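Every number in this text was worked out from the coordinates using simple rules, so none of it is lab data. Quick caveat: nothing in here was measured; it's all calculated off a predicted structure. Note: ideal-geometry Cβ built from the backbone for every residue, glycine included; neighbour counts use all protein chains shown.
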């Protein structure tokens, strides 16, 4: 287990070293067909395809950005790009998928509806060879095409014309799953009228966006514009932080157990173990931690965290501040065996992580013999835990926070970690030590710790 955690930490360090600002979100390239000197198909009353394609594509882009996707556009205005230039953009940017948006035309006006093209290596065309990547990606391109078709038809109410195995340039020469959607037929009077309608274009854009969402679900749409997005996505990639699939709930306060579990998954507790030297037990060894106000705890979590045997559900909650009095806290020892806490059983979902943190001297309990794993954790507590984890004893000048007095138990930890640029205030003059630590703040703190302290230490 220790080697697994150390491996995770090493991989995380490598990721951060290679690209400290990498954003690991789902990336989509949207290609509005035609443009500039190339109008595309012309409708029965003169509607130009290039205008329809661009308008729908921009709506799709906006839909996806709101959900947290990274969106690349081959064009955002009425400009001409060759097919080769479009594929060069795709192969340079390397998105997860490529979706080209077009409107169709046929020799007779009776044909209408929506269809989607993709490259299928089961039906190669000798004169139109595909890239080696696209040959291998046939199954994925087909899945993408089917998802686009199903969702577009459902949203826009058009006739389903099916999938078409094709050798058009945009779906055969890239290096990622690719599909080209023909939204409707400009050669059909009814379809052209639909394509003139902003309401229909919006429905089609939503359908295309839904098809992309279904094929390529974005992780944590609620961090799309969040200040901690990079940190959250980096840690998620290596399974250090978790969500419920689509949402991360960045502003939800953490419990003591959740924070320690994140530390454990990051591999930091193993590193701490490796650095610890055997020490003689000392009498009256105490550590100061803030005692959570039970009233506040109940107001934030209600009965959700009453069951210590069950991992808490992710749920959005508001932030609260504690009004607790400062209190010295000690480990609750039973005999000479490992610490025993009255509110922590071996069936608790985070038991192993919590006991590991206790054994490393990183986490301590309360005077009443509890460790309160399901209580929310404050910024002061988290800072103290991280300070114990780093444990360099370095003296640092006071941080510029008016709400961190020199004589409080967390002052030294705040000062040291602020000077290391690991913790920051909620403003230039305020640290808010009793404010509950959020999931986003915890992710950013651990990310910074790895980059600033741990990485430097283990690469030295």
Query raised in the report: Between residue 251 and residue 405, what is the spin-label point distance in nm, taking each point 7 Å from the Cα along the Cα→C-beta axis?
Result: 3.1
Query raised in the report: When ranked by the protection proxy of mean other Cβ atoms within 10 Å per residue, highest first, what sequence do the peptides 201-211, 28-38, 83-93 form?
Result: 201-211, 28-38, 83-93
Query raised in the report: Say each of residue 428 and residue 202 gets a label point 7 Å from the Cα, pointing the same way as Cα to Cβ; how far apart are those two points in nm?
Result: 4.3
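How much FRET efficiency would the formula 1/(1 + (r/R0)^6) give for residue 396 and residue 342, where r is the Cβ-Cβ distance and R0 is 25 Å, rounded to 0.05? Working shown, then result.
On the way: r = 36 Å, r/R0 = 1.46.
In this case the efficiency is close to 0.10.
Based on the alpha carbons, how large is the Rg to Rh ratio for region 340-439 when Rh follows Kirkwood? Could the numbers behind the result be given before it?
Values: Rg = 14.7 Å, Rh = 14.6 Å.
Reported Rg/Rh (Cα atoms, Kirkwood Rh): 1.00.
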Requested in this report: Place a label point 7 angstrom from the Cα of residue 452 along the Cα-to-Cβ direction, then list the residues of region 416-436 whose backbone nitrogen is under 12 Å away.
Outcome: 416-425
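If packing is taken as the mean number of other Cβ atoms within 10 Å per residue, what is the order of 259-265, 381-387, highest first? Before the final figure, lay out each step's value.
On the way: 259-265: 23.1, 381-387: 25.0.
Peptide ranking by packing, descending: 381-387, 259-265.
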Report task. Going by C-beta contacts inside 10 Å, put 248, 185 in order with the fewest on the left. Result -> 248, 185
Query raised in the report: Expressed in nm to one decimal, what extension gain is obtained for the pair residue 121 and residue 164 from 0.36 nm per residue of sequence separation less their Cα-Cα distance?
Result: 14.2 nm
Query raised in the report: Once you put a point 7 Å from the Cα of residue 421 and another 7 Å from the Cα of residue 242, both along the Cβ direction, what distance in nm separates them?
Result: 3.3
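Shape of region 26-215 from its Cα gyration tensor (a ≥ b ≥ c, root eigenvalues): rounded if a/c is under 1.5, otherwise prolate when a/b > b/c, or oblate? Can you show the working numbers first?
On the way: a/c = 1.38, a/b = 1.26, b/c = 1.10.
It comes out rounded by the Cα gyration axes.
Ranked highest first by average number of other Cβ atoms within 10 Å, how do 118-128, 63-73 line up? Kindly include the intermediate steps, with their values, before the conclusion.
Numbers: 118-128: 15.1, 63-73: 19.2.
My ranking of the peptides, most packed first, is 63-73, 118-128.
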